[in-house]
Amino acid sequence: MGTSSLKLQQGNVGLQDFVPAPIPPENVLDGEPVARTCNLSQSDDQGLSMNLWDCTAGRFRWNYYGDELAHILEGEVHVTEETGEVTVLQAGDTAHFPAGARTVWEVPEYVKKLAVHRTPPNLPARVVHKLKTVRARAALKSAAAAV
């Protein structure tokens, strides 16, 4: 047997472990949602990751570049699909958002989820990472310009 590739996250995750994960201003439809994330684990090729994510009240568009499995830990969210169908996810609910899905999220008060992300094989993880980085920088720059 080879060496273990187990990556273990030990200890409790606290508020200090969360970092801002701004929603791009052009995606915000209502309110001033504030989102944060905490990376729990990531594969060496960055194709698979697990994180905690939370968000305050607001309504925004959310598009999926890779698959996401989400488990709602606290609060609730109303997710509207492109078909117009609305699904309410509350604490304890689990959902799968396939790569390419385009949704609108409405967070009435607060939501916190555990998410597992998988980058599709035809979209390199580095491309997804770059897209997220560019969007986060643009959102921060836009927020700073608004001040």
>> Going by what's in this entry, would A99 be described as closer than 22 Å to T119 by Cβ and either hydrophobic (A, V, I, L, M, F, W, C) or modelled with pLDDT of 95 or more (or both)?
In response: yes
> Given region 50-114, what strands (runs of 3 or more DSSP E) lie entirely inside it while holding 1 or more residues that are surrounded by fewer than 16 Cβ atoms within 10 Å (Cβ to Cβ) and touching a Leu at 6+ places or on another chain (Cβ under 9 Å)?
Replying inline: 67-81, 94-97
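Run down L140, L114, L73, L131 and say which single residue is over 12 Å from the mean Cα position of the chain (by Cα) and at pLDDT 95 or above.
Going through L140, L114, L73, L131 in turn, just one is over 12 Å from the mean Cα position of the chain (by Cα) and at pLDDT 95 or above: L73.
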> All but one of (1) without any contact (Cβ under 8 Å) to a residue 40 or more places away in the chain; (2) buried (at least 16 other Cβ atoms within 10 Å of the Cβ); (3) under 23 Å from T119 (Cα atoms); (4) touching a strand residue (DSSP E or B) at 6+ places or on another chain (Cβ under 6 Å) hold for A21; which doesn't?
Replying inline: (1)
>> Can you say whether E68 is more than 22 Å from D17 (Cβ to Cβ), charged (D, E, K, R) and at pLDDT 95 or above, as far as the supplied structure shows?
In response: no
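The values are calculated or read from the model by the stated rules, or taken from the named source; none is laboratory data. Since the structure is predicted, the reported quantities are computational estimates derived from the model, not experimental observations. Using ideal geometry, Cβ is built from the backbone for each residue, glycine included, and neighbour counts are taken over all protein chains shown.
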